[in-house]
1. Relative contact order for region 1-102 using alpha-carbon pairs under 8 Å, separation at least 6, rounded to a whole percent?
2. Taking only DSSP H segments of four or more residues, each worth -39500 (n - 2.57), what value at 222 nm results for the chain once the sum is divided by all its residues, to the nearest 500 deg cm²/dmol?
3. Could you check how many percent of all C-alpha pairs in region 4-132 are farther apart than 26 Å?
4. Using a Debye calculation, one point per C-alpha and no hydration shell, please list log10 I(q)/I(0) for region 1-71 at q = 0.13, 0.23, 0.26 Å⁻¹ in order.
5. State the percentage of accessible surface on region 30-147 attributable to carbon and sulfur atoms; use a 1.4 Å probe and exclude ligands, DNA and RNA.
6. How do 95-103, 69-77 rank on mean C-beta neighbours within 10 Å, highest first?
7. Which parts of region 115-136 would a label at ASP64 reach, counting a residue when its backbone N lies under 14 Å from a point 7 Å out along Cα-to-Cβ?
8. Please work out the average accessible area per residue across region 1-53, using the 1.4 Å probe convention, and give it in Å².
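The values are calculated or read from the model by the stated rules, or taken from the named source; none is laboratory data. For clarity, every value in this text was computed on a predicted model and none was experimentally measured. We place every Cβ from the backbone using ideal geometry, glycine too, and count neighbours over all the protein chains shown. For the accessible areas, the whole protein counts, side chains as well, though only heavy atoms, and no ligand, DNA or RNA atoms are used. Shrake-Rupley method; radii C 1.70, N 1.55, O 1.52, S 1.80 Å.
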Amino acid sequence: MTDIILLDGGMGQELVHRAGDRPTPLWSTQIMIDHPGLVAQVHADYAAAGATVCTTNTYAILRDRLLDTGMEDQFEALYAAALREAKDMPFKAGAIGPLKASYRPDLLPPHAEAVAVYSEVAQILAPQVDLIICETVASVAHARALMEALLPMGKPIWLAFTVDDHDGTKLRSGEPVGEVFAVSDSAGAVLANCSSPEAIDAAIAILATGDKPFGAYANGFTKISEGFLGDKPTVDALTARQDLGPDQYAKFAMGWIAKGATIVGGCCEVGPAHIAKLADEITAAGHRITVP
């Protein structure tokens, strides 16, 4: 049977639930300051559930996201904290999120500016991780900037694209999912992430037509609300689904594996219990869970 790489689940929402604090626009970044050690606990719980990849808590550590937060001067310290929280994990994927905001391809800076910002991040991450995972990539231009910035680092690159929740054949930008192949020649894998599992079903069918390893990790939100698409949103604007427990989520992910996916995991609102159930289902189906 096929070897499957099992990613971990969501970090930001898991931290909010555990900390009990009111979310801030900095999501999981703020929690590393207020609750040191909590990120490491989440990493450990995902590993215990069966995940073979630890995704660093660096998704939102970007200079533009720190503007007007009082933490502008803590950019390097936040990276050091996130990497310290992951130091005991055997295989680390350095996460890089979108500039400005998630799900907003219209806010992507001009190409040269985006490349410069991502290059700075890559220089910090690359020496301390095993691969770099670009998450919630919402447009072809977004992917192109990432690839130009990251290729000189010499690390494997995974591109994870977020798709339209109402039409999983399109990116959040409206571009067809199939257009990602034009910018992913040098990527080690192409994924769909942070979208509804139903939309990802459609995206997976397209990713399966490419020549690279592919996979997916969905979120568990009811929808991406208008309130979350505003300036400096918090996760208070989003609502978790009540119909996507571990059993239901595993059914979706096993469907992706049946279509050829070899990398699966979870995004926001998908926690350790979901990953543990998915690990059980993967092994019960005769697959071997492995590292990249």
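1. Working: 125 pairs, mean separation 31.9, N = 102.
Worked out over region 1-102, it gives 31 percent.
2. Numbers: 10 runs with 105 residues, N = 292.
Estimated from H runs of four or more residues: -10500 deg cm²/dmol.
3. Values: 1589 of 8256 pairs.
Above the 26 Å cut-off, region 4-132 has 19 percent of its Cα pairs.
4. -0.42, -1.02, -1.20
5. Details: 2320 of 4340 Å².
With neighbouring chains kept in place, the figure for region 30-147 is 53 percent.
6. Working: 95-103: 22.2, 69-77: 12.7.
Highest-to-lowest ranking by the protection proxy: 95-103, 69-77.
7. In region 115-136, the label zone of ASP64 (backbone N under 14 Å from the point 7 Å along Cα→Cβ) covers 115-121.
8. Details: 2100 Å² over 53 residues.
So region 1-53 comes to 40 Å² accessible per residue, rounded to a whole number.
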